[in-house]
Amino acid sequence: MRLISTSQATPAAAAALRPTHARALRPLLAVLVALAGGALLAGAFPPFGIWPLAALGPALLTIALWRQRARIALAAGLVFGLAFWAPLVSWEINLAWYVWAALVVGEAVIFAVLAIGQWFLLRLRFWPVAVAGWWVMAEAVRDRWPWGGFPWGRLVMSQSEAPTARWVAFGGPPFLTFLIALTGACLAWLLLGPEARQPGTPWLRGRAWPAVAVAASAGVALSGALLPADRASPGEPSVEVAAIQGDVPHARNLPDLWRAAKVTQNHVAATEKLAARISRGAAAAPDLVIWPENSTDLDPAYDPAIYNLIAGAVATIDRPVLVGAVLQDPVRNAGQLWLPGKGPVAVYVKRRLVPFGEVIPFRSLVEKISSLPSTMQPVNFTPGHRAVVFHVGKIRLGDVICYEVSFDGLVSSEVAAGANLLSVQTNDADFEIDGQTAETLQQLAMARIRAIEHDRAVVVASTTGVSAIIAPDGAVLTSTGTWRPAEIEARVQLRTDTTVADRLGGWPEAVLAWGTLAALAWVIGLEIRRRRQSARAAQ
């Protein structure tokens, strides 16, 4: 199936379709351009973090898809997806090479199928806007499906250090994805130069509108630097917060019980070290201390030794401590708030579980292929079902655990429930064994975007790093390295106002995604109508 030209279309279709004078690339070249586009887009994310590539990568995908046959467009989408996902999630190799391969291939296939939607939308007269909407729609699908979605690799999450980032406080993450993709689509329009391909059209005149579109879209995106990002008000409360990074043993062949106890002991030791610095006057006494995810894999309710270890550390520092714990009966990944002399008093249970990590889809089938599920996760975790806000003095803490920071709705639900401070408890050790830091840095970038989006300080506590304390404007106030014990502190503001993005909620994504889907349905309808008319004319 080829892209239709205005000469082939019905009058109604011809009025809707943009002239397509630029020629399609040769199939092999189209696939190579898609390969380059995917690789460049991966470079926009940590550890490289070259944020302008977030527009250039999508531009090359559009050029690769332009006027191609359906099978070439599908191949280009697949190659783009492979080139993007393979380096982006290379840290998955630390679990197993086939886990990494399955994730890369699965996401690439989903991307390729979705790319056919962009291929159809390129027939529209104002296709750059439709292509930008396609990126929002595609991310919305990947954020939710399959198995609850995998929201890694969203264009917006490459922008934590870019001047564009402040837009998330006004339109939310999907709106910034739209602006970045619009810039890329306009750049593709300029490079394709369809009007310039018409005989007798001067170069400048033929590319004037695409050039203006590139400048305008990029200017709007970059104007985020002029938007207010830190809405501090006189007399607003502030608190001292601390994050504990206890570190874990590098060896993976230690007995599980010893390893779990050792991790808890490491966090106890780091907390006692901070308490000693406080008693000497070398550190400020924090209002709240946050331990990372999996700081104890042994449920304190069933293990008196672990209970006493944690209770002793909480008593020594004499401050509330949020402990990342794996609880039993049923198995849950949780954040437990401990108070001196009282023990655990409140709990948040992780709501969005990691597929093939905390929960194994098709477990019986997977276990026939590999022993990894039964070794690493013999029992599926049970998810929580609600936001929980911990009350600690003036602090109203909203917690998310690891993977959850990538989901818009989970973080915003904590703010909607009244959180004036956010935390991300995470355990990155499994993904850093070979020395990679991409996963923890990608997660840190997401936390910085969340800080700007909700105008809330965010505390990131990791077992092995990077741990960080982030200001409401997304600035990193203090952070750690990896694979070393550390204790960090900072004074942060407690904000209660909501951002425009908070008030809009999911509406920007819904309008852009559903609007694009409607445009796609219309284009497909025109193509079906054209084919039927052609078939009748041939009879």
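No value in this document is a laboratory result; all are computed from the given coordinates. Everything numeric here is computed off the predicted structure, so don't read it as measured data. Note that each Cβ is placed from the backbone with ideal geometry, even for glycine, and that neighbours are counted across all protein chains shown.
Excluding Ser279 itself, calculate the net charge of residues whose Cβ lies under 13 Å from the Cβ of Ser279, where each Lys or Arg counts +1 and each Asp or Glu counts -1.
Values: positive: Lys273, Arg277, Arg280, Arg319; negative: Glu272, Asp318.
Local charge sum for Ser279: +2.
By count of other Cβ within 10 Å, fewest leading, how are Phe120, Phe431 ordered? Before the final figure, lay out the partial values.
Values: Phe120 25, Phe431 22.
Lowest count first: Phe431, Phe120.
Check Ala24: other-chain or 5+ apart residues with amide H under 5 Å from its amide H, H built from backbone geometry?
none
Using only C-alpha atoms and all pairs of different ones, pull out the Kirkwood radius for segment 209-368 in Å with one decimal.
On the way: mean 1/r = 0.0525 Å⁻¹.
This gives a value of 19.0 Å.
With axes computed from alpha carbons, what is the tilt in degrees of helix 127-142 against the longest principal axis of the chain, rounded to the nearest 10 within 0 to 90?
The angle comes out at about 40 degrees.
Taking a cut-off of 21 Å between Cα atoms, list the lysines near Lys262, but don't count ones fewer than 8 places away on the same chain.
Lys273
Listed highest first by mean packing, meaning other Cβ atoms within 10 Å per residue, what order do 263-270, 344-351 come in?
Details: 263-270: 21.9, 344-351: 19.6.
Going by the mean number of other Cβ atoms within 10 Å, highest first, we get 263-270, 344-351.
Scale the Cα Rg of the chain by the rule-of-thumb value 2.2 N^0.38 Å and send over the ratio, two decimals. Don't skip to the answer; put the middle values down first.
Working: Rg = 25.5 Å, N = 539, 2.2 N^0.38 = 24.0 Å.
Relative to the 2.2 N^0.38 Å estimate, the chain comes out at 1.06.
Run lengths n ≥ 4 of DSSP H only: what is the helix-derived mean residue ellipticity at 222 nm for the chain, with -39500 (n - 2.57) per run over all residues, to the nearest 500?
Details: 16 runs with 254 residues, N = 539.
Estimated from H runs of four or more residues: -15500 deg cm²/dmol.
Can you give me the pair-distance distribution of segment 430-539, C-alpha pairs, 5 Å bins, whole percents?
Computed distribution, short to long bins: 2, 10, 13, 13, 11, 9, 8, 7, 6, 5, 5, 4, 3, 2, 1, 0.
Step through the residues of segment 323-336 one at a time and calculate ³J(HN,Hα) from phi using the Karplus curve (6.51 cos²θ - 1.76 cosθ + 1.60, θ = phi - 60°), rounding each to whole Hz and writing x for Gly and Pro.
10, x, 9, 9, 9, 10, 6, x, 6, 9, 9, 9, x, 10
Report the convex hull volume per residue for segment 85-166, counting only C-alpha atoms, in Å³. It would help to have the intermediate numbers written out before the result.
Numbers: hull volume 9.0 nm³, N = 82.
Per-residue hull volume (Cα only) is 110 Å³.
For segment 97-248, what number results from the quotient of the Cα radius of gyration and 2.2 N^0.38 Å?
Working: Rg = 20.3 Å, N = 152, 2.2 N^0.38 = 14.8 Å.
Normalised by 2.2 N^0.38 Å, the Cα Rg of segment 97-248 equals 1.37.
Quick one: 3J(HN,Hα) in Hz for segment 507-522, Karplus 6.51/-1.76/1.60 with θ = phi - 60°, rounded, Gly and Pro as x.
Karplus-based 3J(HN,Hα) across segment 507-522 equals 4, x, 5, 4, 5, 5, 5, 5, x, 5, 4, 5, 4, 5, 4, 5 Hz.
Over the alpha-carbon set of segment 408-480, work out the extent along each principal axis and list the three values in angstrom, largest first.
Ordered largest first, segment 408-480 gives principal extents of 39, 23, 15 Å.
What lysines sit close enough to Lys394 to cross-link, taking a C-alpha to C-alpha distance under 25 Å and skipping anything fewer than 8 places away on the same chain?
Straight-line reach from Lys394, under 25 Å: Lys342, Lys350.
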